[in-house]
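Report on one structure; see the data block that follows.
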């Protein structure tokens, strides 16, 4: 095989001959860089030995000063110099907490110190307005829960109470403390802020586990000078009671009497007292519109609710307990004819007044009032269950278009219903009953129902009128109708003392149609008809156990037909 010669020419014109399987001649001494040349690093023709490479690297190692300055681009970094540079650039605690330097390095300690410095305290998490703070999971939970029950209507008060007790929070009530003697000011400040911010919910959760709110003055559901409130004052019932410590003044006041107030709601509130107040009303609406009271309990009341010059006020599932021996009123709806105002549409839905036979009345409707409706009103142990009155006899000034459904008076100590003045009033399936000598309840009652001569177009459909010392009905009205009504248990003062129905001289245009009279062998007559009574119809009625006879007196132009004694 012939020789193959390869000539390699480099920058130094170094010639080497290679043969397959053979090594060329060794390098000459002048082919290697000197130490000076190696350290200079500028010669492109010399070969570097391991020693010269080490010498060049050593010569180019950065000093501590150069490493810490970090400005040289030609030096090499040893592990020591890298550590020294890193140490020199570590941020101090102050720099770390400030978080403004972009040239320093963060150690794990400095990172923790910066995070700790930016953690929100409780007031930050409650405010929910700071964008530069951090929150730990516990604070996030508290913030979320507080936001929920500060601004949303949670459906389950028990759940709300549990959250509040776990977090120990009193949302929206800045400065309120469980030990305070009077929380009314803090509550009013909260309501004021809610109204100022356009409306929302003012929660009254437990201020602390097992601690009741203390109310030493009125709570206002309005802001003076502002039309419209749009506020819901929300409690959690017996889990956060309100102890009324004020001896006088009203508890909840909605409306300043000048500016109309709209959309105020009281819900799940339980108020109580340890002693008898003086003339204190539980809830007052004045010039209020479209307002509601739900699940409201007042214990130890002397004056329950009052609605005056207002429209569309709704009560649902309310209980007024009146244990004191005073002549108070459980519910009063009024608009004086002496003013230019009136009250329209007040609805009582499952509303109870428990007067404990101590002297208070149930429901009083007075003056220029239209559209009082009940769907379950229970006046128990009252002096008078219902009274309708007015200071004027003008038709426009009478309570009008009132409708009572499931209206029950039980154990009235004087009279179950006294209807003095009114226009177009209807009773459906109502139970009107006096005390009439029951044990522990007295026996000074008289008739169960009085209908005055200024009651016009009154109608009783179904229901019963019963249980009285005197007559069941003392009738003086105009065009009063009783249709399918039951009358019973009257004349308890003694057999033959009273009739079931007494028709007075002013009674006009009355009708008793399809009624049933159970005279209990005490009523002398079913009807005692005054000679001046006129224009009536008594027809298709049944009666039993009357002492003397069906009627005494006939009046004028009165039709009596098909009345059957089914004793």
Give segment 301-336 a look and list any residue that's under 16 Å from residue 257 (Cα atoms) and assigned to a loop (DSSP other than H, G, I, E, B), or say none. 309, 310, 336
Any residue at all in segment 85-102 that's at pLDDT 60 or above, within 30 Å of residue 55 (Cβ to Cβ) and touching a helix residue (DSSP H, G or I) at 6+ places or on another chain (Cβ under 6 Å)? yes
Name the single residue that is nearest to the chain's Cα centre (by Cα) among those in segment 81-102 being touching a residue at least 12 places away in the same chain (Cβ under 8 Å) and farther than 22 Å from residue 132 by Cβ. 90
Any residue in segment 394-407 that is assigned to a strand (DSSP E or B), modelled with pLDDT of 95 or more and under 18 Å from residue 304 (Cβ atoms)? yes
Given the conditions (1) surrounded by fewer than 24 Cβ atoms within 10 Å (Cβ to Cβ); (2) in contact with a strand residue (DSSP E or B) (Cβ under 8 Å, 6 or more places away or on another chain); (3) under 21 Å from residue 337 (Cα atoms), and given that residue 396 satisfies all but one, which numbered condition is not satisfied? (2)
If you scan segment 328-357, which residues turn out to be closer than 19 Å to residue 299 by Cβ and surrounded by fewer than 18 Cβ atoms within 10 Å (Cβ to Cβ)? 350, 356
Selected residue (criterion: surrounded by the most Cβ atoms within 10 Å (Cβ to Cβ)) from residues of segment 380-389 that are within 17 Å of residue 422 (Cβ to Cβ) and either free of Cβ contacts under 8 Å to residues at least 60 places away in the same chain or out of contact with any strand residue (DSSP E or B) (no Cβ under 7 Å at 6 or more places or on another chain) (or both): 385
Given the residues 215, 191, which is the only one that is closer than 18 Å to residue 291 by Cα and at pLDDT 85 or above? 191
Residues that are touching a helix residue (DSSP H, G or I) at 6+ places or on another chain (Cβ under 9 Å), at least 3 per element: which strands (runs of 3 or more DSSP E) completely within segment 169-252 meet that? 200-204, 213-215, 231-235
Among the numbered criteria (1) more than 18 Å from residue 563 (Cα to Cα); (2) assigned to a strand (DSSP E or B), which one does residue 443 miss? (2)
If we only count strands (runs of 3 or more DSSP E) wholly inside segment 455-555, which ones have 3 or more residues that are surrounded by fewer than 20 Cβ atoms within 10 Å (Cβ to Cβ)? 534-539, 549-552
Output for segment 258-273, where each listed residue is touching a residue at least 40 places away in the same chain (Cβ under 8 Å) and surrounded by fewer than 19 Cβ atoms within 10 Å (Cβ to Cβ): 263
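When you look at residue 268, is it assigned to a strand (DSSP E or B) and in contact with a helix residue (DSSP H, G or I) (Cβ under 6 Å, 6 or more places away or on another chain), yes or no?
Criteria met by residue 268.
The values are calculated or read from the model by the stated rules, or taken from the named source; none is laboratory data. In this text the structure is predicted, and so the values were computed from the model without any measurement. A quick note on method: Cβ atoms are made from the backbone with ideal geometry, for glycine too, and the neighbour counts reach across all protein chains shown.
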